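One structure below.
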């Protein structure tokens, strides 16, 4: 178990005015997160104190320790880390109405935090939680021959899954290796001819280069694929890239940077609650986890679980 600390409360003369009476909360801090140098644990405790939370702090870099810790914790829980830390913690809290989760963005992409309007400097984000309100957060459930899993951001197959498979998401991060994996996957990828249904209706589709079922607007490192996706509407968003009309790699890269990927002629999207997709033995990703069917030839089922989590949604920065 990670080290346990109680936040040191400064003398009254050093306090900022509280927005309300101090509310008890737990802060779980990952010291290996990419932005941990910008927000050491003591500073985060102080920032949350400024937002009227009385914090008990747990520091751990080991996701396997989160299960026992969260099992005995209720109320407001803040997770300070990246999307991987959030996924590791949130999966232990599905269906826990006694827990409200706050996300403190300290990773590289912070896709879930962005979907909740929690952005920018972690300390500033912590202070804004004084005005945050609980909001339902939908989760995706995926079933294949390997079993059942859940995802917060997205699941899918095709190019993105192939890039993750080549890159090795559990290895140390490397921009050079990531670029090499992208170039290799883009050059070698063959479009997938997949039968797909959305809420029981077949979706005519040419072979696809990318098939993603999105919960958040973005997934991975800056893949802004579904800008209109919401995490509280009881829907997921199917995004497909036509493999026969695939544009050059730089076209997709520029569109992702500009936020116009969804406007490309080869990109198609459809909202829904339940998706059934042919399983040809392709690699699947669920957030950054990878799965592959041991027995191809069946189907993979994806559906939304509305309001599976309660998360704090930050107000607008001007609010």
Residues of the range 24-43 satisfying the condition of being touching a strand residue (DSSP E or B) at 6+ places or on another chain (Cβ under 6 Å), surrounded by 17 or more Cβ atoms within 10 Å (Cβ to Cβ) and farther than 19 Å from residue 62 by Cβ: 25
So for the range 62-73 (the condition being under 30 Å from residue 295 (Cβ atoms) and either assigned to a strand (DSSP E or B) or touching a helix residue (DSSP H, G or I) at 6+ places or on another chain (Cβ under 6 Å) (or both)), does at least one residue qualify? yes
The one condition residue 148 fails out of (1) in contact (Cβ under 8 Å) with a residue 12 or more places away in the chain; (2) surrounded by fewer than 22 Cβ atoms within 10 Å (Cβ to Cβ); (3) closer than 19 Å to residue 275 by Cα is (1)
If only one of 227, 206 is modelled with pLDDT under 95, in a loop (DSSP other than H, G, I, E, B) and closer than 16 Å to residue 194 by Cβ, which one is it? 206
Working only within the range 230-266, note down all residues that are out of contact with any strand residue (DSSP E or B) (no Cβ under 6 Å at 6 or more places or on another chain), assigned to a loop (DSSP other than H, G, I, E, B) and over 24 Å from residue 84 (Cα atoms). 244, 245, 247, 248, 260, 264, 265
Looking only at the range 167-177, and only at residues there that are under 21 Å from residue 250 (Cα atoms) and surrounded by fewer than 16 Cβ atoms within 10 Å (Cβ to Cβ), the one that is modelled with the lowest pLDDT: 176
Complete set of residues in the range 189-231 that are surrounded by 15 or more Cβ atoms within 10 Å (Cβ to Cβ) and within 16 Å of residue 303 (Cβ to Cβ): 196, 197, 198, 203, 211, 212, 213, 214, 215, 229, 231
Would you be able to tell me the number of residues in the range 145-156 that are modelled with pLDDT under 95 and touching a strand residue (DSSP E or B) at 6+ places or on another chain (Cβ under 8 Å)? 1
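Taking the condition in contact (Cβ under 8 Å) with a residue 12 or more places away in the chain, buried (at least 20 other Cβ atoms within 10 Å of the Cβ) and within 17 Å of the chain's Cα centre (by Cα), does residue 70 pass?
Here the answer is no, as residue 70 does not meet what is asked.
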Would you confirm whether or not the range 300-307 contains a residue that is over 20 Å from residue 147 (Cβ atoms) and either surrounded by 15 or more Cβ atoms within 10 Å (Cβ to Cβ) or touching a helix residue (DSSP H, G or I) at 6+ places or on another chain (Cβ under 8 Å) (or both)? yes
List the residue pairs whose Cβ atoms are under 9 Å apart, where the first residue sits in the range 217-236 and is outside the structural domain of residue 290 (by TED's automatic domain parsing), the second is part of a loop (DSSP other than H, G, I, E, B) and surrounded by 22 or more Cβ atoms within 10 Å (Cβ to Cβ), and the two are 6 or more positions apart or on different chains. none
List every residue pair whose Cβ atoms sit under 6 Å apart, with the two residues 6 or more apart in sequence or on different chains, where the first one lies in the range 275-300 and is at positive phi and the second, anywhere, is at pLDDT below 95 and surrounded by fewer than 16 Cβ atoms within 10 Å (Cβ to Cβ). 281/296
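The values are calculated or read from the model by the stated rules, or taken from the named source; none is laboratory data. Model, not experiment: these values are computed from the prediction. Please note: Cβ atoms are built from the backbone with ideal geometry, for glycine as well, and neighbour counts cover all protein chains shown.
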